[in-house]
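A short worksheet on the structure shown next.
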Amino acid sequence: MTEFFREVDEDVRRDRIIGIWTRYRYVFIGLAVLVVAGTGAWRAYEYYRDQAAEAANTKFEAAVQLARDGKSAEAAAAFDALSKTAPKGYASLARLRAAGELAVSDPQAAIKSFDALADDSSFDPGFRDFAKLRAAILRLDSDDPMDFERRFAPLASDNFPIITRFVSYLALPP
């Protein structure tokens, strides 16, 4: 007798599942297609993003090689062009390197460039701090010592983010 009830329960369950499938099959198929299409679109996005990063890396390395070869003006131009076309990370690094290459030939222009980077709110805060520090280093010999100390004393504090990161990176006691 229990065998009979079990068979009836299985038939009722099967009928319910068939009814649900019949009623909602297009929804299930649509969801499956959306999942597959979404996954494909995401993978395509990642592929093109990686290709753009690899292309930017090649251009960045070429500009670095120009800088190593002593062609500062050409390197600065290459970094400047890269800062306008590269993905965000490479663009940020290229902007910093372009300002650094200016320091070789025109320290005052480099100071202005680093100051502009330090004041740019869209620029990464860590890079902004680095730009402040580089501008301060370039000003070291040209500014009035008292004015320099008053203006850049916060850079020497233990709480300045780039110093804190550097100390923690080296695992030195603060």
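Might you let me know whether the stretch 30-44 holds any residue that is surrounded by 14 or more Cβ atoms within 10 Å (Cβ to Cβ) and without any contact (Cβ under 8 Å) to a residue 24 or more places away in the chain?
Taking every residue of the stretch 30-44 in turn, none turns out to be surrounded by 14 or more Cβ atoms within 10 Å (Cβ to Cβ) and without any contact (Cβ under 8 Å) to a residue 24 or more places away in the chain.
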Test result for residue 16, surrounded by 10 or more Cβ atoms within 10 Å (Cβ to Cβ) and of a type outside the set (A, V, I, L, M): yes
Selection from the stretch 94-120 of residues that are modelled with pLDDT of 85 or more, hydroxyl-bearing (Ser, Thr, Tyr) and open to solvent by 80 Å² or more (accessible area, probe 1.4 Å): none
Members of the stretch 77-93 found to be closer than 18 Å to residue 113 by Cα and either in contact (Cβ under 8 Å) with a residue 60 or more places away in the chain or surrounded by 15 or more Cβ atoms within 10 Å (Cβ to Cβ) (or both), listed by number: 77, 78, 79, 80, 82, 83, 90, 91, 92, 93
Residue count, the stretch 58-76 (criterion: open to solvent by 60 Å² or more (accessible area, probe 1.4 Å) and assigned to a helix (DSSP H, G or I)): 7
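The values are calculated or read from the model by the stated rules, or taken from the named source; none is laboratory data. Because the structure is predicted, anything quoted here is derived from the model rather than measured. Here Cβ is always computed from backbone atoms with ideal geometry, including for glycine, and neighbour counts include all displayed protein chains. What goes into the accessible areas is simple: the full protein's heavy atoms, side chains included, and nothing from ligands, DNA or RNA. Shrake-Rupley method; radii C 1.70, N 1.55, O 1.52, S 1.80 Å.
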